[in-house]
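Structure record follows, encoded as structure tokens.
The values are calculated or read from the model by the stated rules, or taken from the named source; none is laboratory data. None of the values given here were measured: they were computed from a predicted structure. Positions of Cβ are generated from backbone atoms using ideal geometry, with glycine treated the same way; all protein chains shown enter the neighbour counts.
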Amino acid sequence: MKLRNICLALALVGGLTSCYDLLEEKPLDFLTPENSYTNKKGFEAALAGIYSNIRTYFYANTDSWQNFDMLGVDIDLCSPRSGESSYPEYFYWNTLNADNSFSKKWWSRLYSMIYSCNVIIDRSESEYAEWVSDEEKNAIVGEAKFLRAFAYRFLANMWGNAPIVLKETTSPQFNYKSATQEEIYKQCKEDLDFAIRWMPDIDDQKGGRASKVAAQHLMAEILIGLKDYEGAIQAASDVISNPAMSLMKERFGKLIDFEFEGYDYQGEKEPWGDVYWDLFREDNFNRIDGNKECIWNVQFDVDLVGGGNEGNSGGYFGLERWIGTNWWMLKDVDGKSNWLKDILSGRPVDQISITDYAGNQIWEYKGDWDRDIRNSKYNMKREYYWTNPESRFYGQKMTEENLGNKEDLFRITQPTYMKVVTAKHHGQFTDALSGETHDNGRIYKDWYIMRLAETYLLRAEAYMLAGNLKAATNDINVIRNRAHATPVSESDVNMDLILDERARELFMEDYRINTLMRTNKLSEYLMKYNPKVIQAGYVLDDHLNKLPIPNSEIEANKEGGLVQNPGY
């Protein structure tokens, strides 16, 4: 939403007051701020709207791979791909300018979230609001301030300078002033200080809503930005030492006894999975499911109206649909089509391609290809098989020799991260060729926004920047030990190692563009790992470590004050 038009939302939540007292309406059967922001239940409904927007904005806005543009698409982890050597550009990094649609889209979305938070915070003090206690009010306000800091975190990391708006906007304004990155970080810290004081602890909060632990986790990142490394270490330590939190190190959840005959769908079934695989199974994401590692997640439901991804509507949370290769659509040398198999296959359409960095390079580190469980057959599918009983290659590995169209070779050599694939589908659709039921690439599991493994990596980053390489090494090894990977030594520790470890552990969880911009590594990583940038030979300037302020915002702010970032 443009800052100058932010007042338009008032028609939905604020209403208008007549100039004539005699004509003043007394609403009895429709919602207004005066009859909706009156008690805890009404304010919680407003908070639910913000959580719903986070779910929609970041994961399920439309049936498109662009849902996941914050997570690493056209960056270093994944690329849009439509053919063997065709990488359609999304960001157009070599010509990125202030009319960029990504920048405009997320600027608008983040400020719409901030506006909604400001409404809750301001109206908590309204004469119409009735609270049982100050504690009840402060818990609601603290949650709104956490969500406001969550939005400003992206603005600080990805744009660097942006207006700080802390009050409900009730009329057009044309004089917004850019605040510096440091000023935005300081505002986030102030909001999070309040949130940490008043938000409920994690076991006292409902699933899907953020808790004090989420605020402490976010505080660690913000304090790294402020170069308060000791404060960041303490904030992360408050999360890690919380007795309610722990890394999952043993098998758990609904599919602990799951068996599978392997990706060739031949032979006897065998026990399948490991603890990392368990972390990404449907019904395993929440504390109620025994997951002590989840800090905050976005929630989807296949059966519940309002669940964000209901099966009967097809749903838009399509990680399984958009990530990975459509091996199941290929034909052998005899022209026999492969079959879609329901279990552990997914129904990808080959629009998001895993880069060589994410698919291979990070797993070669310290010779851990066969040791790191995150690269095991359970968590990374690297071989594809012919599954049509009518094919003479039935049960055999798909190879260049038995592939009908040799140009499709990349589709059977590109790995699939199995964290995005559902183990048991709900059977929403039926494949016309095989007769197998499937979910059309939709997944109905929740998804992590914050996970304890990331907290360890944030603390490792803060330790490293504070010069304590021993402590940083210990934290990184906590994550690597869980994965059965070779421990690192102090001489290994640098920002590149931490970013590699984030890629290994947090693929499609971390908001990767935010992380690379926060660490001023985006331009470097694009030139090292982005297939299109490498293919085209782009030489990218460091100004790309921050996004442009949208031209439309600068032009609308008639009285000036919005400062464009250098290079745009």
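Where helices (runs of 4 or more DSSP H) fall wholly inside segment 411-517, the ranges with 1 or more residues that are in contact (Cβ under 8 Å) with a residue 24 or more places away in the chain, touching a helix residue (DSSP H, G or I) at 6+ places or on another chain (Cβ under 7 Å) and polar (S, T, N, Q) are 452-465.
The condition of being basic (K, R) and in contact with a Lys or Arg (Cβ under 9 Å, 6 or more places away or on another chain) holds for only one of K331, K249, K341, that being K249.
In segment 349-360, the qualifying residues are those that are outside any loop (DSSP other than H, G, I, E, B) and in contact with a Phe, Trp or Tyr (Cβ under 8 Å, 6 or more places away or on another chain), and the one that is surrounded by the fewest Cβ atoms within 10 Å (Cβ to Cβ) is D356. Remark: pairs (first residue in segment 225-252, more than 21 Å from D278 (Cα to Cα) and touching a residue at least 40 places away in the same chain (Cβ under 8 Å); second residue in a loop (DSSP other than H, G, I, E, B) and of a type in the set (A, V, I, L, M, F, W, C); Cβ separation under 6 Å; 6+ apart in sequence or on different chains) = Y229/A466. Between D238, D283, D228, the distinction of being within 30 Å of H438 (Cα to Cα), among the acidic types (D, E) and not assigned by TED's automatic domain parsing to the domain that holds Y152 belongs to D283 only. Pairing each residue of segment 295-322 that is in a strand (DSSP E or B) with any residue that is at pLDDT below 85 and not β-branched (V, I, T), provided the two are 6+ apart or on different chains, yields C-beta distances under 6 Å for D301/G307.
In the condition set (1) outside any loop (DSSP other than H, G, I, E, B); (2) under 22 Å from Q205 (Cβ atoms); (3) charged (D, E, K, R), D283 is compliant with all but (1).
Look at M508 and say whether it is on the phi > 0 side of the Ramachandran plot and crowded, with 21+ Cβ neighbours inside 10 Å. The answer is yes for M508.
Candidates in segment 61-99 are the residues that are hydroxyl-bearing (S, T, Y) and at pLDDT 90 or above; of these, the one that is surrounded by the most Cβ atoms within 10 Å (Cβ to Cβ) is S79. Among the residues of segment 315-352, those that are under 20 Å from T399 (Cβ atoms) and among the polar types (S, T, N, Q) comprise T325, N326, S337, N338, S345. Residues of segment 364-410 that are in contact with a Phe, Trp or Tyr (Cβ under 7 Å, 6 or more places away or on another chain) and either without any contact (Cβ under 8 Å) to a residue 12 or more places away in the chain or outside the structural domain of W322 (by TED's automatic domain parsing) (or both): W369, Y394.
With respect to the stated conditions, F68 fails to be free of Cβ contacts under 8 Å to residues at least 24 places away in the same chain, within 21 Å of the chain's Cα centre (by Cα), assigned by TED's automatic domain parsing to the domain that holds S171 and over 27 Å from T169 (Cβ atoms). Do you know which residues across segment 530-568 are part of a loop (DSSP other than H, G, I, E, B), surrounded by fewer than 17 Cβ atoms within 10 Å (Cβ to Cβ) and of a type in the set (D, E, K, R)? Within segment 530-568, D541, K558, E559 meet the criteria. Scanning segment 272-279 turns up one or more residues that are of a type in the set (S, T, Y), assigned to a helix (DSSP H, G or I) and either at pLDDT below 95 or surrounded by 19 or more Cβ atoms within 10 Å (Cβ to Cβ) (or both). Can you find a residue in segment 434-457 that is under 22 Å from G318 (Cβ atoms), touching a Lys or Arg at 6+ places or on another chain (Cβ under 9 Å) and surrounded by fewer than 16 Cβ atoms within 10 Å (Cβ to Cβ)? Scanning segment 434-457 turns up no residue that is under 22 Å from G318 (Cβ atoms), touching a Lys or Arg at 6+ places or on another chain (Cβ under 9 Å) and surrounded by fewer than 16 Cβ atoms within 10 Å (Cβ to Cβ). Considering only residues in segment 489-501 that are touching a Lys or Arg at 6+ places or on another chain (Cβ under 8 Å) and surrounded by 17 or more Cβ atoms within 10 Å (Cβ to Cβ), the one that is farthest from R374 (Cα to Cα) turns out to be L499. Scoring I184 on the criteria (1) under 23 Å from L47 (Cα atoms); (2) out of contact with any strand residue (DSSP E or B) (no Cβ under 7 Å at 6 or more places or on another chain); (3) among the hydrophobic types (A, V, I, L, M, F, W, C); (4) without any contact (Cβ under 8 Å) to a residue 60 or more places away in the chain leaves a single failure, condition (2). Taking each residue of segment 537-556 that is more than 19 Å from K104 (Cβ to Cβ) and in contact (Cβ under 8 Å) with a residue 40 or more places away in the chain and looking for partners that are surrounded by 16 or more Cβ atoms within 10 Å (Cβ to Cβ) and aromatic (F, W, Y) with beta-carbon atoms closer than 7 Å, six or more apart or interchain, yields Y538/W93; L540/W93. Put simply, of M464, M527 the only residue that is of a type outside the set (V, I, T) and within 24 Å of M70 (Cα to Cα) is M527. Within segment 258-282, the set of residues being in contact (Cβ under 8 Å) with a residue 24 or more places away in the chain, at positive phi and out of contact with any strand residue (DSSP E or B) (no Cβ under 8 Å at 6 or more places or on another chain) comprises G273 only.
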